[in-house]
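**Student:** Sending over a structure as structure tokens; questions will come in a sec.
Read-outs: derived from the displayed coordinates by stated rules, not from any lab. Computed from a prediction, not measured in an experiment: that's the story for all the values here. FYI the Cβ positions are ideal-geometry reconstructions off the backbone, even for glycines, and counts take in every protein chain you see.
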Amino acid sequence: MTKASAERFEDVASGEAPVRGFVHRAEGADFIVLTHGAGGNCNAPLLVALADAFAAAGLTTLRCNLPFRQRRLTGPPSPSHAKHDQDGLRRAVTLMREKFAGRAFLGGVSYGGRQASMPVAAEPLLVEGLLLLSYPLHPPGRPAQLRTAHLPSLRTPTLLVSGTHDAFGSIDELEAAIKLISAPVQLVAIEGAGHGLLQKSNRGELPGRVVQEFQSFFDLH
């Protein structure tokens, strides 16, 4: 499945967090909701490539814009709006569950992954699994400002994928942090990659590797 064949998805019911994005349909009943980082949107090359790869492997994928990105096309999110972003992801999962009867998974890149992890920490049964890509463990150059307060509450199986040159958290730092998670957890290191993960040298194989690691961890073969 390609980006061109993805279906536009939109639900903006009054009083609810809006959900907008694109669905890549697959034959299987399981699905994953994926979202972007603070500086991107759902058309980020990494998200499109992952959605194509997941759909080809049998997992229907919704790549969606967080509510902050729906309010404005550019610029970073405001900390005061983080809860609304979390509500948008929670609602995206709920809407997809109404359409697909299989297992539900939620994931995101950097800020999007952090926001995905928070409602899952609060509601362990929201999804069957969590995918965190380039989790922003701390701001670059400020390793003491760890974003780990909610990790001990995570009781949902969690797969992390991070580059070995990620300024938001080294592999050693992430390995220490994920010991706080009381559910099955695994960290996949992408050699030579930075915070963006996708680069010229791995563009051809990275999406397939992420899907393969995901299938293996969540036993989706």
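**Student:** Highest GNM mean-square fluctuation, the chain, Cα pairs closer than 10 Å: which of Ala44, Ala116, Ala176?
**Tutor:** Ala176
**Student:** What spacing in nm lies between the two simple spin-label points modelled at Ala56 and His165, each 7 Å away from Cα in the Cβ direction?
**Tutor:** Between Ala56 and His165, the simple spin-label model gives 2.5 nm.
**Student:** Students often get this wrong: which residues of region 170-202 have the backbone nitrogen under 17 Å from the point 7 angstrom along Cα-to-C-beta of Ser153?
**Tutor:** 180-183
**Student:** Counting pairs of alpha carbon atoms under 8 Å apart in space and at least six apart in sequence, what relative contact order in percent does the chain give? Don't jump to the answer; show the numbers that get you there.
**Tutor:** Numbers: 457 pairs, mean separation 36.0, N = 221.
Relative contact order here is 16 percent.
**Student:** Among Pro157, Pro140, Pro184, which one moves the most in a GNM of the chain with springs linking Cα atoms closer than 10 Å?
**Tutor:** Pro140
**Student:** Return the distance in nm (one decimal) between the two label points of a simple spin-label model at Ala189 and Leu125, each offset 7 Å from Cα along Cα→Cβ.
**Tutor:** Simple spin-label model gives 3.8 nm for this pair.
**Student:** Taking the Cβ-Cβ separation of Thr74 and Gln212 as r and a Förster radius of 25 Å, what is the calculated FRET efficiency to the nearest 0.05?
**Tutor:** Details: r = 34 Å, r/R0 = 1.35.
Step by step, r from the Cβ atoms, then E = 0.15.
**Student:** State the extension gain, in nm to one decimal, for the chain segment bounded by Ala144 and Asn43, taking 0.36 nm per residue of separation less the distance between their alpha-carbons. Before the final figure, lay out each step's value.
**Tutor:** Details: separation 101, 0.36 × 101 = 36.36 nm, distance 3.25 nm.
This chain segment gains 33.1 nm when fully extended.
**Student:** Expressed as a rounded percentage, what relative contact order does region 1-86 have, with Cα pairs under 8 Å and six or more residues apart? Present the calculation step by step, with values, prior to reporting the outcome.
**Tutor:** Values: 148 pairs, mean separation 26.8, N = 86.
In percent, rounded to a whole number, it is 31.
**Student:** Looking only at Gly163, Gly58, Gly112, which one moves most when the chain is put into a Gaussian network model with springs between Cα atoms under 10 Å?
**Tutor:** Gly58
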